[in-house]
Each structure stands twice: as structure tokens, then as C-alpha cells.
Amino acid sequence: MSTLIKHVTALTLDEADTILQDIEIALAGSTIVAVGKAPADFAPDEIINGRDLLALPAFFNAHTHAAMTLERGWAEDLPFDRWLNEKIWVAESALEEEDVAWGTALAAAEMLRSGTVGFADHYFWMDQSARVVEQSGMKALLAWCHFGLGAEKEVGQIPFAETVAFAERWQDAAGGRIHTTMGPHSPYMAPPEVLARFAREAQRLGVGAHFHLSESEEQLRNSIARYGKTPTAHVAALGLFDLPQPALVAHCNVVTDDDLALLAEKGVTVAHTPKTYQKLAMQMPPLARMLEHGVKVALATDGPASNSDLNMLEVMRITGLYQKGALGDPEALPLTQLLRLATQSPAAALGFSQSGVLAPGHPADLILVDTTAPHWIPRHDSAAGIVYTAHPGDVAYVWCDGQLLYRQGEYLTLDIERIRWEAEKRAFRMVGRPMTSMRAYQG
Ligand SMILES: [Zn+2]
């Protein structure tokens, strides 16, 4: 399949942040072959008129629990411990394997519609998530979340070895679109011997690890009391930062300068999910200090049970607005830095380091955004339009690895009617809500 997009404006996110007007972009197979002028002999299968459309690299989401779409809107206006104990764990105790398939499919549809083609998923029954990635055409870094409590207490009663077997089974599947990693829940749930075992398995499989880290003062205090180390130093000592692939850690709300130096030295990426922190009134991580220390940061949504959606446009916007306000500095986090934190940085953290730029030879992971809505006019600054004004509904075309997945409201790989019906039915069942309000599914 080859495609020629003509007369388009392109926000390339190349090293010079080049913005090109009225150009051609040529896609062939899974790759971008030209940005500027297509080769004279290029014979596309399809031509798209790109006038009034803006091309840019697609978004990647560095940390989510995709199937938690099923708990969206179920646990609102609660402090973290009540949110978790009274609502989330109650719903999850009724989770069944097939629920994960439909919850993840709903997440995939939501992400595609807002221009995201890749996500780092950390949940249970991950074969279901992998099948959704395979079918949807998206890219992902998948980890089977494991608490280290003993199989009889894990969700789905899954033994440690099966979470590892999942990673082995799906590594580089779906034509290389699926990467896998080890998924301990966190150092506050998993005991040291389980974390060390994950590090050994990661070495054996040639993968990394993805887990929650250092989310509160309480976790920091408990870790120092129990292990004599901060959570960051504790996992480093257990080998989780010296793996074949760099670790991806979510949050780091409360970290010391020594922690930041260690994260930078080990090439760890910190997933930053500001909407969850604001909604659950958690301490905001020291993003500016992280970046000053040279820590890799990638933006993410977290699971929709805590942040309500999977919209990377909103995550970029909240990150920029919050940091400017908190630092008292309107020059903090300029537009293209925010765009990189939502494209190149998370793509690299997922193991797709060539994505996130519109340039020949790079993967065709890109979107076209319709810029004709009133909120786009006048089109002085394309980057400002994406970061501070675009709506998810402006996303008109989405390609991943050269495959067109979404076109002007139409899903080309997902059955959205069935996904909506199955997901809502299952979400209601999980919380014991009668389904009399639902109309029958007409497939
Ligand atoms: Zn999380």
C-alpha cells in the first residue's frame, strides 16, 4: 500500500522543528519515503488532498491500564485509599478474562480517535490486550502486571512464571509492533525477592521492566524504614535498572536529587501522568527538576479509572499549563518540547525509537488533523494549535506502520458498535448494575 498526501502542512518535529507548507508526503509499505516532494516515479495507490490538514507524528502513551476504561466514571471525588479499596478493587474482583479484551478494544478505539498509535499497557490477562494490538494495527509495550503476592491472591490467580511466559510468547509479535517487558506492580507491593526474580527473567529474555515507582511521601518513608533505601535506590540495587532494555517507571511523584541522578544515569524513562495526579490530589512530580537532571520523561494518561480518558492532547495541555503556573514561568515547557514528550519520548520508551518524526526512512506513524474548525482560525502557529486548542475530533487520519487505521470518523480495523456494546455491558456487570437500560445489540 502506498499513499501520497498533497498540499499538506507538516509539523515534522525534526531536529530543527521544521514546519513545511504545501508539501507532499509519500508513504510506502510501513515507511515514510518522502517529506517535501515525492519521487518522480512514485505511483501511489491512494492520493489524499491535504489542503487544510496538518500532518504530524502520531502520539504514544507511555503508561496506561487500557482495560480500565471499564471503570471510567465509577470512582469519582474520592481520596486515593477509598478510590482504590472501596471502588477499584471491588470492580476488579469481578473482572473476567474476556472483559480485558473489550475494555482494551474500547481503549484502542479511543486512542486512535485522538491520534495515539502506541501505548505501554500494564494490566492482567495480557494475551487479550496483545490480540487487540495485533488486530487494531497499533503498537504497544505490554507487561503482565504482577503483585508478587502468591498466585492465589493475584488477579486471575496467575503464577509469576505465566506472566513471564506471556512476555516470551508475544515479544516482537504482530510484525514487530508488539514489544513486551516485565511488569512487577511496584516495589511497595512486590517483595525484594520477586523484584530480583523479574530482573533475572528480563536478562534472560532481553527485555526491560515497567512498574510504578515512588508515588508518595509515605512510600518513600516506608521504603527507607524497611530497606534503608528510597524506592528508586531499592529497585536499582535489585537490578531493575540494569536490564537489556531501559526501565520505564510510572510517576516518581516524590524523589530525591540522588534518585534523579540515578534515573538519569541508568537511562530510565519516567512516565508523567498529570491528570491522575490532579484528580486524585497526589503530589505533582518535580518535572522541571527531572528534566534539569537529564532524566528521560514521557507523557502518559494512566488508566481511565483514575484520569477518565486516554487523550494525549489533553495530557500535553495539562502538563504545559500546570508547569507554567507552578513555576511562575510562561517560558517553561515550550510547544515543541511538549510535542516531543508526547511523541518521540514515549515512542522511544516503548522501544520504537525511530517513530515521532516526519522524515524519509522513518516509520509511517503519523496523523492528519483537520484545521478548519473555528477554534483553529487564524492558523498562525501549527504547534500552538495542536498543544493548546486542538480537539480529539479534529484528528482525521491515523496511520501506524503505514497502515491507515482511522479515516474521518471510520475505524478501519475495529468494530466500534460491538466494542461499545460489549464494553458497557461488561462494565455494568462488574459493578452489579442491572442492564435493563441497555438496548439490544444489533450487530
Ligand atoms: Zn498506573
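The table below lists the values:
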item	result
Selection count, the stretch 41-68, where residues are open to solvent by 10 Å² or more (accessible area, probe 1.4 Å) and within 16 Å of the ligand (Cβ to nearest atom)	2
Pick from the stretch 91-133, criterion among the charged types (D, E, K, R) and closer than 22 Å to residue 356 by Cβ, ranking: farthest from the chain's Cα centre (by Cα)	113
Residue within the stretch 157-170 that is within 30 Å of residue 364 (Cβ to Cβ), open to solvent by 10 Å² or more (accessible area, probe 1.4 Å), among the charged types (D, E, K, R) and within 20 Å of the chain's Cα centre (by Cα) present	no
Per-region count, the stretch 260-281, residues aliphatic (A, V, I, L, M) and touching a helix residue (DSSP H, G or I) at 6+ places or on another chain (Cβ under 7 Å)	5
The stretch 93-131, residues that are part of a helix (DSSP H, G or I) and out of contact with any Lys or Arg (no Cβ under 9 Å at 6 or more places or on another chain)	97, 100, 107, 108, 110, 111, 112, 113, 126, 128, 129, 131
Number of the condition not met by residue 71 [criteria: (1) at pLDDT 95 or above; (2) in contact with a Ser or Thr (Cβ under 8 Å, 6 or more places away or on another chain)]	(2)
Filter pass, residue 83 being within 16 Å of the ligand (Cβ to nearest atom), at pLDDT below 95 and open to solvent by 70 Å² or more (accessible area, probe 1.4 Å)	no
Matching residues in the stretch 171-195 - criterion: being in a loop (DSSP other than H, G, I, E, B) and either touching a residue at least 12 places away in the same chain (Cβ under 8 Å) or over 23 Å from the mean Cα position of the chain (by Cα) (or both)	171, 177, 181, 183, 185, 186, 187, 188, 189, 190, 191
Residue match in the stretch 83-92 (condition: under 25 Å from residue 351 (Cα atoms) and in contact with a helix residue (DSSP H, G or I) (Cβ under 9 Å, 6 or more places away or on another chain))	no
Breaking point among (1) open to solvent by 20 Å² or more (accessible area, probe 1.4 Å); (2) modelled with pLDDT of 95 or more; (3) out of contact with any Ser or Thr (no Cβ under 8 Å at 6 or more places or on another chain); (4) away from the ligand (no atom under 16 Å from the Cβ), for residue 216	(4)
Which listed residue, of 199, 271, 209, 237, is small (Gly, Ala, Ser), assigned by TED's automatic domain parsing to the domain that holds residue 342 and without any contact (Cβ under 8 Å) to a residue 12 or more places away in the chain	237
Index of the failed condition, residue 288 passing every other in (1) within 16 Å of the ligand (Cβ to nearest atom); (2) open to solvent by 20 Å² or more (accessible area, probe 1.4 Å)	(1)
Test: residue in the stretch 250-263 that is within 16 Å of the ligand (Cβ to nearest atom) and under 17 Å from residue 338 (Cβ atoms)	no
Test: residue 365 is crowded, with 19+ Cβ neighbours inside 10 Å and of a type in the set (D, E, K, R)	yes
When residues of the stretch 244-268 are limited to those that are of a type in the set (S, T, N, Q) and without any contact (Cβ under 8 Å) to a residue 40 or more places away in the chain, the one least open to solvent (accessible area, probe 1.4 Å)	253
Matching entry among 384, 347, 359 (being over 20 Å from residue 249 (Cα atoms) and not in a loop (DSSP other than H, G, I, E, B))	384
Count of residues meeting criterion [assigned to a helix (DSSP H, G or I) and buried (at least 17 other Cβ atoms within 10 Å of the Cβ)] in the stretch 132-154	4
Search result, residues across the stretch 304-337 that are within 16 Å of the ligand (Cβ to nearest atom) and either outside any helix (DSSP H, G or I) or not aliphatic (A, V, I, L, M) (or both)	304, 306, 307, 308, 309, 310
Within the stretch 20-29, tally of residues that are within 16 Å of residue 53 (Cβ to Cβ) and either small (Gly, Ala, Ser) or open to solvent by 40 Å² or more (accessible area, probe 1.4 Å) (or both)	4
Qualifying positions in the stretch 245-281 - over 16 Å from the mean Cα position of the chain (by Cα) and of a type in the set (D, E, K, R)	257, 258, 259, 265, 266, 279
Elements of type helices (runs of 4 or more DSSP H) contained in the stretch 245-299, each with 1 or more residues being touching a Ser or Thr at 6+ places or on another chain (Cβ under 6 Å)	257-265, 274-279
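Conditions tested, residue by residue: (1) within 16 Å of the ligand (Cβ to nearest atom); (2) outside the structural domain of residue 134 (by TED's automatic domain parsing); (3) surrounded by fewer than 19 Cβ atoms within 10 Å (Cβ to Cβ).
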{"site": "31", "(1), (2), (3)": "no, yes, yes"}
{"site": "39", "(1), (2), (3)": "no, yes, yes"}
{"site": "78", "(1), (2), (3)": "no, no, yes"}
{"site": "90", "(1), (2), (3)": "no, no, yes"}
{"site": "93", "(1), (2), (3)": "no, no, yes"}
{"site": "96", "(1), (2), (3)": "no, no, yes"}
{"site": "99", "(1), (2), (3)": "no, no, no"}
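The values are calculated or read from the model by the stated rules, or taken from the named source; none is laboratory data. For clarity, every value in this text was computed on a predicted model and none was experimentally measured. No Cβ is skipped: glycine too gets one built from the backbone with ideal geometry, and neighbour counts run over all protein chains shown. Remember, those area values only see protein heavy atoms, side chains included, never the ligands or the DNA or RNA. Shrake-Rupley method; radii C 1.70, N 1.55, O 1.52, S 1.80 Å.
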